[in-house]
Every structure is written in C-alpha cells, then in structure tokens.
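Trainee: My structure is below; once you've seen it, I'll send some questions.
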Amino acid sequence: MSRIGVFVCWCGSNIAGTVDVEKVREEAAKIPGVVSALDYKYMCSDPGQNSLRNIIKEKNLTGIVLAACSPHMHENTFRKAAAKEGLNPYFVEIANIREQVSWVHEDKERATAKAVDLMKMMVEKVKRDRPIEDVRVPLNKKALVIGGGIAGIQAALDIANGGVEVILVEKEPSIGGRMIQLDETFPTLDCSSCIMTPKMVEANQHPNIKLYTYSEVEDISGYIGNFKVKIKKKARSVVEKDCTGCGECWNACPMHKNVKSEFNVNLSERTAIYVPFPQAVPLVPVLDRSVCLHFKKGGKCQKCYDACGPKCINFDLQDEIIEETVGAIVASTGYDLMDTSMYGEYGYGKYKDVISGLQFERLLSASGPTEGVIKRPSDGKTPQTIVFVQCVGSRDPEKGVPYCSKVCCMYTAKHAKLFAHKVHGSQSYVFYIDIRSTSKGYEEFVRGTMEQDGAIYLRGRVSKIYEDEGKLIVKGADTLSGNQVEIAADMVVLATGVIPKKGSDKLAQMLGISYDKYGFFTESHPKLRPAESSTAGIFLAGMAQGPRDIPESVVSGSAAASKILGLFSKNEYEVEGTIANVNEATCVACFYCQRVCAYNAISKKEIKDRSGKLIKVVANVNPGLCTGCGACVNACFSKSIDVKGFMDDQIYAEIKALAV
Amino acid sequence: MEDKDVKKEEHKAPKHGGDNSSDPRIIAFVCNWCTYSGADLAGTSRMKYSDNVRVIKLPCTGRIDPLFIVEAFKKGAKGVLVSGCHPGDCHYTSGNYHSRRKYATFRDLLGYLGVDLDRVEFSWVSASEGNKWVSIINEFTDKIKSLPGKSTDIFTKK
Amino acid sequence: MKTVINEQNRRNFAAQVESMLHDKLAKCYQCGKCSAGCPVNFEMDYTPNQIIKMTELGMEDKVLNSKTIWLCVSCNTCSTRCPKGFEVTGIMDVLREIAEKKGVTSKVEKEVQMFHEVFLDNVKSNGRIFELELVGKYKLKTRHLFRDMFLAPKMLEKGKLKMHGEKIADLNQIAKIFKDFE
Amino acid sequence: MKLAYYPGCSLKGTSFEYEVSLLKILEAMNIEIKEIPDWNCCGASAAHSINHNLSVALPARNLAIAEKDGYESVLAPCAACSNRLKNAAYELKNDDILKKKITDSLEMPYDSEMSINNMLEFLIGTVGKDKIKSMVKKPLSGLKVASYYGCLLVRPPKVMQFDDPENPVTMDELVALTGAEPVDYSFKTECCGAINSLSKPDVVMALTGNVLYDIKKHGADLVVVACPLCHSNLDVRQREIERKYDEKLGLPVLFITELLGLSFGIDPKDLAIDGHMVAADRVLKKIEGLANQR
C-alpha cells in the first residue's frame, strides 16, 4: 500500500499569490494513499528540506510529491534529500505549479484547480514508481584513436600525456594526414612540415602511444568502457623493427615510372616499395603489391630484397589481425577532396595545367615534386599568370555539395600570396562568390593578399576554361562591374571542396554513430556536445565532423582527449537509471526497437537452458548506451519494452487523473 | 484503460475545466528537453496564457504512444497537443522524427475512430520559444472552443 | 541608377514570374556563372544574373524593356552550368512571354521580337514554315529590305529557297491550338 | 523496327541536303522510316520564346499523331526539332495540368511515353556502330573532321538526356567509324546564335566566327553537324564572316549523314553536297586522292 507525502510549496508569494495552497493541500489529503499533506513557505530551504526528511522518516513514506517549481529547478535537490532518508530518489515527483500555473495564470480559483490537477497527476504517477538504480559501467582505461592526421595526433598526444594508453590507427603508411601535405599554413605562414613533423615524431616515440600505420579498423563491438576492436595490420612486406629507413630498397626498385604518387597528388611518380614522403613516420617503407613486379611476375624480381642491408624485406608477410579492448574511441578520419573532373567546363583532367588546390600545395612545397619551384605540369615552365577559382564543388548542389568547405577562401588567399612571393612580377586573379575569413587574423590576411601582394579578386564564378595557343582561357564573370571577363592564364588552380574520407560512412556504421547525408559524423549536440558522437564513449575530432581548419582541428582533438581523460578519471561510468527495460518473457524478437534506436543500444540476447540449448532470442538493452528516449517503447508491438520512470501505466494514470 | 472507470466518470457532474465546449480540457504531451523548457521560459517570463491546458511530461515525443492521445480523448479531453523539439534538434537525435512519422500513419486511425482531427495538433517549441508556447496554447484553446462540442466522443462511431 | 522598391509591386511581379517559372527566385545566390558563360552577354544591357536580381526586386519596367531578354538565344549554357539548378533560360522565356502579353515592345531589340511574331504567324497560317514567305514578311515588317539580300541569289541557285510552301491538311486543328493557347 | 520520322520544316527547305542524304544512307542500310502524316511545325524557338503553352502544344500534336499511329519512337533529325519535341514530351510528362489542357484542345489522347531520338542517338543507338562500320566502303582515313554539336543536342541535359553536355563524343565516334580523324577543339558546344540568325546577324556572325576560327586553328579539313540551324549559320554565313574578320576559312560544313554517305561510297551528288554554299570540292578531291593511294 502506497504511503505518499504531498508537499505544497508557497514559494513565498510566487505560488501562494495566485494559487490557494491550502486548498491544494486539503485536496491532496483526500486522495487515497496520501498519508501526509503539508504546505510550507519555501520547501527548498533547509527547514523545508528538513521537514520533508522528518516526515519521510516519521510516516515511513513510499513516495513524495512536491507541488512546487519546475523539476528543472529542484528535482535533484529533493531527490538528494529523499535519498538521505533511504528513499529511492526516483520516488520523488514534482508537480510544476509555479512555471506552469502561478506565473502564467491570473484567476486564482482556476489556477488553484489546475494546481490540484497537476498535483493529483503526480500522486498517481508516484504511486506507480518502481525503484530505479543508476547504472555503473566499468571502464577499460585505454583509448583508440582512428586516423592519424593532426586532429588524431593531437587527441592521442593529449590522452597519452594524461597518463592513459592510446592506440593510434592510421590507414596510410605514415601518420601526418592532410596537414603534412600542405606547404605553409594560413594566416601565419608557418611551414606545415616544420610544425607537424615534431608532433608526428612525438606520437611515434610516446611511451603511452601504440602506433599502427598501414592498418585499418576491421570491426568494433561493445560499448562505453568496453569496446572490442579488431585492427587489420596490412602486410607491409617489410619487418618494421629491423628496418632502418636507409632507402636502399626503393632506390633499387625498377618500378620508378608509371605509379603515381598519392602523396604528391599524381604530380610525381613513386616506386613499388616506397615511403610516401621523406619525413614519414614511421620511416619504414611499404611494398605496394598491386604494382610490384615480384608479385605480378611470379617472384622473379627481388632487387629490393637484394639491396636491403638488414634483410628486413619479407615477401611472405601476411595481413595480421590485432585485437584490443578500449574504453573510449576518437574518430578522426579526416577528409578527401572532391573529384572535380565532373566539371567538364573546367577541363580538370583534360588540361594538365588545370590543377587542384592540394596539387598547388605540393608544387609550393620544398619537399614536393618540383622542390618548391612553381612549374606547370604540362611543360615545366614557371607560370606568370594564375587564375584561382573558388567554390569548385562547394556551394554547388547541382554537381557538388551545397555546403561551404570553409578552408578554400583562406587557402586560396594563401596560394595567391605565396605565388606572388615566389614569382616576382607575376599576377594572380581570384574568382570568388563570397569571402569567408572569420577567424583571428584571417580577414587581415586576405586583405594583405590583395593590397600588398596584388592579387586581383573578381566577384563571380567561372563558366568555362579552354586551351588556346598554350594559354588557358578562363571565361568568368565579375558581377560587381557587371562584366563578362576573359583571362588568359598560364595555370588554373581550382579550390576544390572537401568531402568526408571515403569509407567514413562504413566506419560510422561499424561504430554505431550517426552521420549526415554527406558522411560527416554528427555530434551529439551541435552546440553543447560538439566533441561527443551520438554514442556514449565515442568522440569526434577533425574534418571527419565537417569542414574546419587546422586550429579548429587541433582544438577538437584536444576536446575529445579531455572528454576521455574526464571519463577515465573515475573507475566507473555512471548512467541515470531512467533507461529502457525489456520484458524478456513477452519479447517476440521482432527487433523493431533495434531499428529505431539512435544509439545502437539494443542487441540480440540469446537465452539458453541449462544444457546450453537455445530457448529464445530477445532484445537486450545496453545500459551503457541507452539514453532513455523511449523511441523503442513505441516501436514495440508486444509491449515488452518500457522506459523506467515513464512507464505506460504511469502515463495512463496521469491521464486518468485528469479525467473530466 | 478499463471501460468501467469511464462509465463511472461519465455520470459525474462536470467539474471545473470540464466537459463543455466553453471550458474545454486540453492535454499537452511535451518532451522534457525543448517544449517543457520552453513552457518554463514562458513561466519565468511571466507570460500569461489560457489555463485549460494540462501538461504531461515525457522524455521525448518519440515516447508518445498514439494510444495516449486516444486515452486522453476517452478521459474527456477536448484537444490534444503534442509538442517537441524542432526537426533536427531532437535531444535524442531522431525521436521527434519517429513521432512525426508515427503520427502521420496514426492520424487516419484517429479519424476513423471519430476524432475530429482539428482537435489534435503537432508543433515544435524549442526551449527558447516561450512566446511560441504561449501563442500555440492560446490559439489552440480558441480553436477548440470554436469547434462543436460532441465530436470527440469516440464511441459514437462504429 | 536608383530604384525605390514598392513592396506590393515587387511581390506581384516576383510572384507572377515564379508561378510561370515553377522555380524560386531566391534560389539564385548571384554567383554569376550564367553571365560568365553567356555567349551573347557582350551585347546585353544587363547580365543574366542582374536580370534575376532585378526581377526579384520587382524592377518590372527595366526588365521587360531590357535588351537582354530578347538577345538571349536560349542556348541553355547558363541553366546547364548553374550550380543551383536555377532555370536561367527559363526566366528569359517567362519574361519575354510577359512582355509579349503586356504588349511591351522592346524599344531596342524589337527585331527579335518581331521575328518570333512573324514566325508564329507563319506557323498559324501554314502549319509549317514557308521560309521565303517568313523572310519576306519579316523584312517588310522590319524594313530591313536589303539586309542579307546578297545571300538570296545563291541560295535560290542551290535550291535552298523553295518558291512554294507546304501547307498541312488539318489547318483547323492548328487554328484551334492557336485559339486555345495564344 | 517501327520508327516515325519527323522531318521538320528546315529539312523540307533550306536544309534539304540533310533529308536527301539521310534518306540515301537509310536506303543503303535498308532501314525504313515513315513520315508522321500531316505533321506540323514544332514552333521552334519562336514559340518557347513568347508562349510557353504553345511551345508544348505544337509538338504535342505531332507526338499524339505518332502515338495514334502506333509508333513508340520518333526520329527528329533536326536538332532544334528534337529539342522541342523532347521538351514538350518532358513537360507533358511532368505537368499534368498543362497536359490535360493540351490533350483536350487536340481532342487526342497522349500517354507521355514517346521516345524521341535526335540524329546521333538514332545512328549510334538504333542503327548501331557495327552496322555503320560494316557499311563503310571508302574509309576517309587521312581526313580531319571537327564535330560541332552546338547547344540544342545536349542542353538542357536533364531534358535531352544525351551524351556529356560539356564534352560530347557521339558524333566524334561516328566520324571515327568512317575512318576519318576526329579533331578535338574547345568550342564543340558553344552556341552559334541560331535563332537570332535573321534578327541579329552581327551577333550570330561573332558567335559563329568564334567556332569556325577555333575549328580552323585545330587543323580540321571540314566540319560535320547534325543541326540545320548550325549548318545554315556555319555554311551560309561563312563568306560573310570571312569578309568581316578578313581571314579565310574555307571550311566545308557537311551533315553527319553526308559524311557517312561518302564513306559508304555514295556519289556526292546523290548526297546533295553541292547544295552547300561553301564548296566541298577540295575535300571531295582529297577523299578521292586518299582512295586512290590505297
């Protein structure tokens, strides 16, 4: 039998001024099961709380209702007070008679009637409350970082420096990501490799970081605190621990033509056994079996093997699967550039001197294919006039993507600037629609490109590029002067937009995190939880979340790291107990609940008898992942799932209490 | 719920806030994160609005079983409002989409049961939209008052 | 160059264009790619993107009297390359049609307009185009009697200009189509 | 194969060479087509320029007649006609209200399923590369041919659904089948100014001039087209353009059907090549010379 206490708060005159609190108390006392009803000036004050605690004790209450302010104000206060008297804190319900009654209505009689209704609803609800225990999940204090670009490296270093072990997985042969491909960085013009290489080395040498390059995450299962990860370490054909990175092998490789260097974005060639760039970390080559003569021509060629001093080349190495258990994950898989050959009118792929922004970075870079001298891919001549075209693929819902890629305005300004610095007397033209330069020092940087470095900016898009007598004729518009313009250029650089890394949608599915229609990972809350994914224990960093620049990527890496260190500062992860609960006896295993769950919190559970024979399969809620939203409850056909604290019978009782 | 209860209540004299079209009972099912907070904001801003509404709080509109709406009408409500986060803003990622989709299919059934569909309303009220909450409640109350009284009796139609 | 925007007129004109175009003017974000690729932009008084903006602003007189709408050759380069998929060519058709319906005769490009009118007259009376008659009537109307005349003898010699036109049998139906849709 | 033929006005007038050569090569290939009875003008650019509904209604009559006669596809060799027919079919398919108005006016049903082929679609798709290749008796190897597509064949792409709107290749493929060498150049799909030929001759000459000089610069012996409007601008106005820009062009402009006919070994006279304003004699001699070398 319920023993309910009702406490009506005056909130000074805030409630009592409009609601007849005594009447509410009197009505409460009439309800069957209510053994105590009281009104008091300030329930949240110490005396108020003390009387509440005393009555719980005295009357041995099984539940309490506070007719007071919004639960968003003091629900926790009263729950704690109740808990101190040994009452389950979830046996506290609040009837919101301030924000929803006294502050918004004026007629005292009608306001009082409404207050009584709300109080009755909560009495009916609290009668049906079941004890709820908060859930505690043990934590494996080890983190996995997927993607070794600047965001991932930053996250790994911060976590490792916080004393936690990190596994850093990178798909490519070296860490460094996109940033190491860049030349100088806006707006300070620091050399990218000068600031990036030390970080890469630090990550490689850090005692708390275990680095897997040329490796991919194959499978992930589990939940916060307890993710089981399978990592595929692809066969490198080189024994890492023995390799000295001397370079004899790639110098000996006969395949030095016809294989385009991915790192130099097809502007140079590489060998079959190669390091993507001289500062690669680790400095251990990879043998690309898809082009290696040894593998293509039946084992005849072994020039690299012969050249190798420590004999660390092993053609028989196989892919390896490594299993790890981690408590938290950072997904920082980065981005790709859009394929601009879909713009037939721009001739990318047809005209050699129409190149992408990333290709221009490689031409600028001292470690690039031209050792930092800007040369045309077609004839090696230094261009005097370059036209830069912004928003290629970005802001183009027809052929590309509707969003803004954010970094192109700035990198184009940087390109024009560096071009002016490197080629004296040269001229650059920039076609733009809008200039977005909103971070510290960015606007000044763009202005400098125009005012000091003489780049001419034209407001408009380019419609066509074609070749005429060795020049690229760029047909564009300047909408400010209202003119169609034609510029004869030596080279055209397309500021290609960014898209999520290929395969990031697959990874997201594997991780059970949500992603938008482009494949960018979605944050748990766009403003307040920008570092968290929709799944507990999985955090996001870098461009995998959407276009952003280097400082923002670094910040997001650190943010993810600090979230993980915060999580790992305790031994257990605590979750509010108001989560979904399955009635295994009635579950028919249709798994509609699984389909609607946005958190991947529902899995299949096999129930076996003592001999191990499978009796039935039922839905199982993972308390580490469930947020208690209740979507599954509605999806359930057999009424076998419910959310604690919001059970069906409670809600029907609330409705019933309102019957007229 | 049990029909017995319903019958019993039908014999009761109409209470205040009761069973007549000039003073209709309106039940609002709202989510905890957006609309409930929006209503709180209306309160802290001391905005005044019609007092016919009674709010039932749920974690998310995705938790709202369409049968709650039927039950509300069975228990004498003259109007039912469902309000949650704006599309794309759901605290639980996609709960409001589920509820919207569910309602889209459930609407016909409500109509079949004889519920005047003008008496059910879906809206989005964010935590910052206290004023929107007020105008929705006022407009919806006015609308319900202007409707003929009998059309929520879901047992009249076979 | 100053325009005082009258909200009612602006709405009316923009709404009329949008309903005929089945597209939203607000879709255009003025990147200028249409103007960049337009083959006849060099002769126009307003660039295509300006026409779109002016229509949105309700500058009806300027738009309907512009050279641009009559110079447009409907080559569709603009619409094909438009990143927003806006019907740039379509809006030119719509504006010409409005001008035609409102009886706005282009002061500067009346010849193009007249050619279209003479052409449709020719279709109306024959069901098909009789080129010699088309050219003759057009020249009479525009009084450009001698322009391109030097081409005629050789074209006649080559057999390119037929002396007799063909008429279709069911001219009634053509007449009905014109009656219903003109 | 049951294929309706919609010649359009130009093929019966200024561009009679196109029809003559088309019928000739079809005869050689044993392919039969039937003219749509009592067809009417598609309204060309004039209709869509000043009256949208008319621009759908006029072609609709032809489509409805073809449908009534049991055809499922139409060949419209004129690029302008095929463009207007495709546009009308597209509108009829997507605008039910307009469709109802039009079918009511025509007092004929139309079920919106007619497939419309331009000349290139017909040759590559319906006739097929193998068939054409087998017909080539006199390969034109050594001849450099520029294919000019203009606007109407490829744009707007969502309606035309034909080839790449920026870099079309179908006509080049046909050229290659004849043994000639396709010439790549920049202005394949630039507009010649078509509809304003009579009303704005200066503009048209500027646009056509751009195309012709670019073709010349890329070393073509001749140009092939699949559009009477392109043909008349490139061919009829060529002398004038030469005078205006004071630079010789001398580029014969042939219809693709004529080029195919030549490679099939058909007498140039039967293909009405002498009907063009720019004489093709030099090119024809070159072809003969090439044939004799072998």
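The values are calculated or read from the model by the stated rules, or taken from the named source; none is laboratory data. These figures come from a predicted structure and were not determined experimentally. Every residue, glycine among them, receives a Cβ derived from its backbone with ideal geometry; neighbour counts consider all protein chains shown.
Trainee: Looking only at segment A:377-384, decide whether some residue is closer than 19 Å to A:Met179 by Cα and in a loop (DSSP other than H, G, I, E, B).
Mentor: Checked segment A:377-384: no residue is closer than 19 Å to A:Met179 by Cα and in a loop (DSSP other than H, G, I, E, B).
Trainee: Are there strands (runs of 3 or more DSSP E) fully within segment A:1-102 with at least 3 residues that are over 48 Å from the mean Cα position of the chain (by Cα)? List them.
Mentor: Per the criteria, A:34-40.
Matching residues to (1) within 14 Å of chain B (Cβ to nearest Cβ); (2) surrounded by fewer than 24 Cβ atoms within 10 Å (Cβ to Cβ); (3) in a helix (DSSP H, G or I):
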| residue | (1), (2), (3) |
| --- | --- |
| A:Val126 | yes, no, yes |
| A:Val137 | no, yes, no |
| A:Gly148 | no, no, no |
| A:Ile175 | no, no, no |
| A:Ser193 | no, yes, yes |
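Trainee: If you take the residues of segment A:66-96 that are within 17 Å of A:Thr18 (Cα to Cα) and in contact with a Ser or Thr (Cβ under 9 Å, 6 or more places away or on another chain), which of them is farthest from the other protein chains (Cβ to nearest Cβ)?
Mentor: Here the residue is A:Asn96.
Trainee: Out of segment D:234-253, which residues are part of a helix (DSSP H, G or I) and either closer than 13 Å to D:Leu207 by Cα or out of contact with any Ser or Thr (no Cβ under 9 Å at 6 or more places or on another chain) (or both)?
Mentor: D:Leu234, D:Asp235, D:Gln238, D:Arg239, D:Glu240, D:Ile241, D:Glu242, D:Arg243, D:Lys244, D:Tyr245, listed by residue number.
Trainee: Considering each of C:Ser79, C:Ser66 in turn, give the residue that is more than 7 Å from every other protein chain (Cβ to nearest Cβ) and either in contact with a His (Cβ under 7 Å, 6 or more places away or on another chain) or hydroxyl-bearing (Ser, Thr, Tyr) (or both).
Mentor: Of the residues listed, the single one that is more than 7 Å from every other protein chain (Cβ to nearest Cβ) and either in contact with a His (Cβ under 7 Å, 6 or more places away or on another chain) or hydroxyl-bearing (Ser, Thr, Tyr) (or both) is C:Ser66.
Rundown of residues vs (1) assigned to a helix (DSSP H, G or I); (2) away from every other protein chain (no Cβ under 14 Å); (3) over 12 Å from the mean Cα position of the chain (by Cα), yes/no style:
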{"residue": "A:Lys475", "(1), (2), (3)": "no, no, yes"}
{"residue": "A:Ile513", "(1), (2), (3)": "no, no, no"}
{"residue": "A:Tyr518", "(1), (2), (3)": "no, yes, yes"}
{"residue": "A:Glu523", "(1), (2), (3)": "no, no, no"}
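Trainee: Here's a check for you: in segment A:630-660, which residue that is among the basic types (Lys, Arg) and more than 9 Å from chain B (Cβ to nearest Cβ) is surrounded by the fewest Cβ atoms within 10 Å (Cβ to Cβ)?
Mentor: That would be A:Lys639.
Trainee: With the condition kept exactly as written, say whether any residue in segment A:27-50 is surrounded by fewer than 17 Cβ atoms within 10 Å (Cβ to Cβ) and in contact with a Phe, Trp or Tyr (Cβ under 6 Å, 6 or more places away or on another chain).
Mentor: Within segment A:27-50 (the criterion being surrounded by fewer than 17 Cβ atoms within 10 Å (Cβ to Cβ) and in contact with a Phe, Trp or Tyr (Cβ under 6 Å, 6 or more places away or on another chain)), the answer is yes, since at least one residue qualifies.
Trainee: I'd like to know if segment D:114-129 contains one or more residues that are out of contact with any strand residue (DSSP E or B) (no Cβ under 8 Å at 6 or more places or on another chain) and within 14 Å of another protein chain (Cβ to nearest Cβ).
Mentor: No, segment D:114-129 contains no residue that is out of contact with any strand residue (DSSP E or B) (no Cβ under 8 Å at 6 or more places or on another chain) and within 14 Å of another protein chain (Cβ to nearest Cβ).
Trainee: Here's a follow-up. Six or more apart or on different chains, Cβ atoms under 8 Å: show the pairs whose first residue is in segment A:564-576 and within 24 Å of A:Gln154 (Cβ to Cβ) and whose second is part of a helix (DSSP H, G or I) and not aliphatic (A, V, I, L, M).
Mentor: So the pair list comes out as A:Leu565/A:Asp158.
Trainee: Does segment A:574-609 hold any residues that are aromatic (Phe, Trp, Tyr) and within 18 Å of A:Asp648 (Cβ to Cβ), and which are they?
Mentor: A:Tyr592
Trainee: Sort out which residues of segment B:71-123 are more than 8 Å from chain A (Cβ to nearest Cβ) and β-branched (Val, Ile, Thr), and write them in order of number.
Mentor: Correct list: B:Val80, B:Val82, B:Thr105, B:Val115, B:Val120.
Trainee: For the structure I just gave you, tell me whether C:Asn49 is of a type outside the set (Ser, Thr, Tyr), over 23 Å from C:Gln8 (Cβ atoms) and more than 12 Å from chain D (Cβ to nearest Cβ).
Mentor: yes
Trainee: Can you list the helices (runs of 4 or more DSSP H) found entirely within segment D:57-140 that contain at least 3 residues being of a type in the set (Val, Ile, Thr) and not assigned by TED's automatic domain parsing to the domain that holds D:Ala194?
Mentor: Counting at least 3 such residues, we get D:96-106.
Trainee: Residues in segment A:264-293 that are touching a helix residue (DSSP H, G or I) at 6+ places or on another chain (Cβ under 8 Å), part of a strand (DSSP E or B) and free of Cβ contacts under 8 Å to residues at least 24 places away in the same chain: how many?
Mentor: Matching residues across segment A:264-293 total 0.
Trainee: With respect to B:Asp108, determine if the residue is more than 11 Å from the chain's Cα centre (by Cα) and farther than 23 Å from A:Glu654 by Cβ.
Mentor: Judged against the criteria, B:Asp108 is a match.
Trainee: Only one of (1) buried (at least 18 other Cβ atoms within 10 Å of the Cβ); (2) under 25 Å from A:Lys608 (Cβ atoms) fails for A:Val588. Which number is that?
Mentor: (1)
Trainee: Enumerate the pairs (first residue in segment D:39-51 and at the interface with chain C (Cβ under 7 Å from one of its Cβ atoms) and over 22 Å from C:Gly103 (Cα atoms); second residue anywhere and part of a loop (DSSP other than H, G, I, E, B) and of a type in the set (Lys, Arg)) with beta-carbon separation below 6 Å, excluding pairs fewer than 6 apart on the same chain, so at least 6 apart or on different chains.
Mentor: As it stands, the answer is D:Cys41/C:Arg128, since those pairs meet every condition given.
Trainee: Is it true that D:Val211 is buried (at least 24 other Cβ atoms within 10 Å of the Cβ), of a type in the set (A, V, I, L, M) and either in contact with a strand residue (DSSP E or B) (Cβ under 7 Å, 6 or more places away or on another chain) or not in a loop (DSSP other than H, G, I, E, B) (or both)?
Mentor: It is true that D:Val211 is buried (at least 24 other Cβ atoms within 10 Å of the Cβ), of a type in the set (A, V, I, L, M) and either in contact with a strand residue (DSSP E or B) (Cβ under 7 Å, 6 or more places away or on another chain) or not in a loop (DSSP other than H, G, I, E, B) (or both).
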